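Read through the structure below, which is laid out as structure tokens, and then see the notes.
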Amino acid sequence: MTPLLEHRLLFVTGKGGTGKTTVASALALFASTRGRRVLVCEVDAKGDVAGFYEAPPTGFAAKEVLPGLFAMTMDTEASLREYLKLQLRIPVVGRIGPLAKAFDFVATAAPGVREILTVGKLCYEVRERNYDLVVVDAPASGHVIGQLTAPQAINSLVKVGLIRTQTDWMVELLSDHRTTGLVAVCTPEEMPVSETVELAERVRSETTVELSAVVVNRVLPELFGRQEERVFEALDEPGPRDALRGLTGGDPGPVLEAARLAVTMRRTRSAHLEHLRAAVDPSVPMLYLPYLFTRSHGLRTTRQVAASLGEELGY
Amino acid sequence: MVARDRPRARSRAPADGDRPERSRTRATDRRTTLDGLLAAKEIVVCCGPGGVGKTTTAAAAGVLAALRHGSKVLVLTVDPARRLADALGLEGIGNEEHRVPDDAFRAAGLRPRGQLWAAMLDMKESWDALVRRHAPDARTRDEILANPLYRNISGRFVQSHDYIAMERLYEIHAERDYDLIVVDTPPTRNALDFLDAPKRVAEFFSSRLLRWLIVPYRSRLVNAASRPFYQVADRILGSEFLEDVAQFFILFQSMQAGFAERSESVGRLLADRRTTFMVVSTLEATPLREAEFFAEELASRRLHLGAIVLNKVLPGYLLDAGARAVAEAMRERSGELGRELAPSLAAIGSGLDDPAQIVRVMDEVAESFLNFEVVARREMEERESLSAAPEVLATVPFFDTDIFDLSGLVRLGEQIWG
């Protein structure tokens, strides 16, 4: 399998709430600190990505937010304009308004059209070698399949025309496992894990794209070894508990209870992780990111996640 | 490998021990409880960002209503976790409503006063039902059902999920006799999509652009003004595809009146006093911002914000100043405590009195408490900053295990019930 950062196009997906955008931002940041020229593109235009770098909101035109790191927000209409400017040599400038609207309209009916404008723009940046790596903050698990299969979908609906001639090279680029990869982000909880397992299966059976890594986010630390756990249990017995109260001058109850909660949470989550590991192809690397006990988000947090990712990737 | 930026505990004023108390008062000061709210409403729309336990919360509210009120309750859900679907007897049930058997309640040691029903939304089936309802004749119906673009829409058109959820809600409310319907909304890119979905679908079918697209295929006369449009469209998409699209729209236009009328009715139902909205979130910053934005939108559309449910909230004892002092003492004097505690631990069992090991346990326990305290404090600050004013503000603690059966749903339900 191609090492993650040697890909040139990485789609990052995951169930809502798992930290998909955090991971995409951190992955792009890490690659840029390794000297790559990186574009990070958010597809669900919520304007989040810029916030992860504490940069002003981004638009369709990529902006350098940190040295070597560019950010943009996908806009299918702008993508269409750019495409027409590049591809069509007929005077469309005056007509482009209603055309874009019509396109939007057709795109609503045939989902492949909107998605092809997204994927097309991304593939274009890769093909033109404008960046060493393009990281996509892609739609949530359920929707990313539609995006990755858009070129094929278009191929089956559109038999001729300019678009048709454009999809072949995109299919090729997306199917090349050394170039394109998919990263699934999940947390060690029931729904995110089952969604990731389902995604891995759908990626295998419905797309030509390779699942290049699973990032497990918010992994809780292991508090005790087996013998330490015995000591911990014993601490909660009346004798040691009273002794502890006498020595610290306060009720140790809440502190012990918090540790118990942490242990149980970790244990429940481990079961989900085992399920995940067993269900996903063993050749797919799993990257574990620690739960961040931090007060805020922003660049500092993104840097922390980037550092953890780097460690997990063996840098 | 745990990252952390806990403030140096000693340098902080330890005077906020009273703050969780105050926010508790705030939550219970509201006029209503969820119990009262659900008793007064016929429809509860459960919405919020992804990954916050929306589906489970909707199910829990429904279960509690069936248990406590002598009413007939339907939980209309979208994509439940498999074990939750099992608990509700939904596995393989699909679009049809299905009664959760009393046996399932008995097995959990419960005796419901009312009835609990559940149904799962099947997009394709629901769309097909819609087409059957609105199609003017059998031929049009069959042509639509066989059209490749239609199949694309019904299966993959993301917004169609939102539309279908609201459409099904309307249908069930109008045609069945449930006292209460709790609807879970589909995970969307934008939590508001489903509110606009009925209107958008209606607009979609009545749009001027639609007519534009259809014209050249109805009459081969294209006027000079629009000719360049078709030339460009042809060149990009190919005329064959355009023809498929036009064919699809021509077919669908025959159903436009039905759709438009229906979408107005759905809109009215959402704004009706019998309908209320329950926004679910956690106290993580991003979902909470999204939930707040949603609450504001509800207000601006004059829709009723009945409840905000905050899930997975860390326990209040993490904010206890006394507990923090104990944790700090444990961390700073772990060496001394290790030696001092050894005798009392030795009395419990053999091999428990290794001071080095006790020190490690002390360190881990203290560290863990202080770590989670940072998160609990952040959560509390987020909650204090919450400006939306629902009738009910419920807080659900972090459950240490997953919720996957009726007892679990009841446990969760009791937390929000009031």
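Laboratory data are not the source of any read-out in this text; all were calculated from the coordinates shown. This structure is a prediction, so every number in the text was calculated from the model and none was measured. Neighbour counts are summed over all protein chains in view; Cβ atoms, including those assigned to glycine, are modelled from backbone coordinates with ideal geometry.
Observations
- With K and R counted +1 and D and E -1, the other residues having a Cβ less than 12 Å from that of A:Ala71 yield a net charge of -4.
- Peptide A:268-279 is shielded by partner chain Cβ atoms: per residue, an average of 1 of them sit within 10 Å of its Cβ.
- Spin-label model distance (nm) - B:Arg132 vs B:Asp272, 7 Å beyond Cα toward Cβ: 2.4
- Over 30 Å (Cα to Cα) - which of A:Lys20/A:Lys63; B:Lys72/B:Lys124; A:Lys15/A:Lys63; A:Lys20/A:Lys121; B:Lys124/B:Lys312 fall in this group: B:Lys124/B:Lys312
- Neighbouring partner chain Cβ atoms per residue of A:190-197, average, 10 Å criterion: 4
- Percent of C-alpha pairs per 20 Å bin in chain A, short distances first: 30, 49, 17, 5, 0.
- For peptide B:370-377, the mean count of partner chain Cβ atoms within 10 Å of a residue's Cβ comes to 4.
- Helix A:20-33 and the longest principal axis of the C-alpha atoms of chain A enclose an angle of approximately 80°.
- In order through the stretch A:273-280: 3J(HN,Hα) via Karplus (6.51 cos²θ - 1.76 cosθ + 1.60), integer Hz, x for Gly, Pro: 5, 4, 4, 4, 4, 6, 8, 9
- In this label model, A:His177 and A:Arg295 are separated by 4.7 nm, measuring between points 7 Å along each Cα→Cβ vector.
- Debye intensity ratio in log₁₀ form over the Cα atoms of the stretch A:159-286, taken at each q of 0.12 Å⁻¹: -0.65
- Annotation: the residues B:Val75, A:Val214, B:Val182, A:Val219, sorted from fewest to most other C-beta atoms within 10 Å of their own C-beta, follow the order A:Val219, A:Val214, B:Val182, B:Val75.
- Along chain A, counting only trypsin sites (Lys or Arg not before Pro) with a DSSP assignment other than H, G, I, E or B and at most 13 other Cβ atoms inside a 10 Å radius, the longest segment between sites is A:179-315.
- Spin-label pair A:Glu206-B:Ala321: with each label point 7 Å from Cα along the Cα-Cβ axis, the two points sit 5.5 nm from one another.
- In summary, the aspartates and glutamates within cross-link reach of B:Lys41, defined as a Cα separation below 16 angstrom excluding same-chain residues under 8 places away, comprise B:Asp177, B:Asp179, B:Asp184, B:Asp272, B:Glu391.
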